[in-house]
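Asks: Dropping the structure in here first, questions after.
Readers should treat all values here as calculations from the given coordinates under stated rules, not as data from a laboratory. Predicted model, so just to flag it, every value in this text is computed and none were measured. For neighbour counting, all protein chains shown are included, and Cβ atoms are generated from backbone atoms with ideal geometry for every residue, glycine included.
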Amino acid sequence: FPTLKKSIPPAHFEALYHIVIQEIKDKAEEYLLPIFEKLEEWATAVGEGLIAFSGEVANVAKDYYDAHVDEVVAAYQTLEQGADKIAYGLNEVYKLKEEVIASTLKKLDYPIDQIGKGLGKGLGASKKIIGKSLQEAEFAIEETGEFMKDAYNLAAPELGKTLVDAGYKAEQVQGYFKGLGGEFVDVLDDLGDGILDVGGTVIKGYVSKFCIEIKP
């Protein structure tokens with residue numbers, strides 16, 4: 001258990017109690033962290049109000065506990081902090097890229113909307129980076145498409161470009177649009193004779209609509 005040593009003149013003995021209390025308040029993290037052997041125990045103590053903590057959970061996880069990423073996420077969950085806070089901590093302290101964070105949260109059963117919004121709010125990630133991160137986390141095009149469409153209010157042409165920029169194949173975009181119907185099918189009808197794959201990027205007719213560069 002941590003030991004506190006103070007040298008107090010006899011005339012100040014009556015003030016000793018208050019001095020000790022203030023010392024504990026000022027250095028609560030330093031004194032109390034060694035008491036908790038696991039990050040989970042520390043997070044529970046913070047959540048129950050036994051410890052006042054306003055810093056970054058990931059810093060404690062890494063510096064004091066050398067915790068694995070899954071343990072870090074669990075600590076954030078214990079403290080009821082959202083995906084944006086988790087994304088920030090994993091990026092800032094653990095130096096994880098957006099796509100790795102997306103994959104990590106997906107494996108821990110976070111829904112796509114929380115992951116996408118968490119990357120945007122927590123890291124300020126752009127629409128393109130969020131789309132690519134969701135694709136690399138192996139979300140189906142239907143899932144990513146629905147999230148991007150609703151989150152950014154995208155019309156058919158811009159949604160198509162967003163999904164191709166994210167890394168989905170042209171054929172996947174075509175199939176997804178057919179399933180959506182309405183304006184999305186109208187876009188496909190306007191484009192004519194289907195899809196041509198050149199160098200893994202190309203969509204015949206989509207070039208003018210989606211502003212996709214054809215690379216030889």
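Asks: For the range 75-117, rounded, prolate or oblate, judged on the Cα gyration tensor with a ≥ b ≥ c (square roots of eigenvalues), a/c < 1.5 rounded, else prolate if a/b > b/c?
Replies: oblate
Asks: Quote the relative contact order of the range 49-191 in percent (integer), defining contacts as alpha-carbon pairs under 8 Å separated by 6+ residues.
Replies: Computed over the range 49-191, the figure is 17 percent.
Asks: Which of K149/K169; K97/K127; K128/K161; K62/K85; K107/K178 have a Cα-Cα distance over 21 Å?
Replies: Beyond 21 Å between Cα atoms: K107/K178.
Asks: Give the peptides 89-97, 52-60, 159-167, 71-79 in descending order of average Cβ contacts within 10 Å, highest first.
Replies: 159-167, 71-79, 89-97, 52-60
Asks: In a solvent-free Debye calculation with one equal scatterer on each Cα, what is log10 I(q)/I(0) for the range 37-172 at q = 0.10, 0.11, 0.14, 0.20 Å⁻¹, listed in the order of the q values?
Replies: For the requested q values the scattering log ratios are -0.36, -0.42, -0.63, -1.05.
Asks: Tell me, how many Å apart are the Cα centres for the range 124-175 and for the range 44-65?
Replies: Spelled out, the Cα-based centre of one part sits 36 Å from the other.
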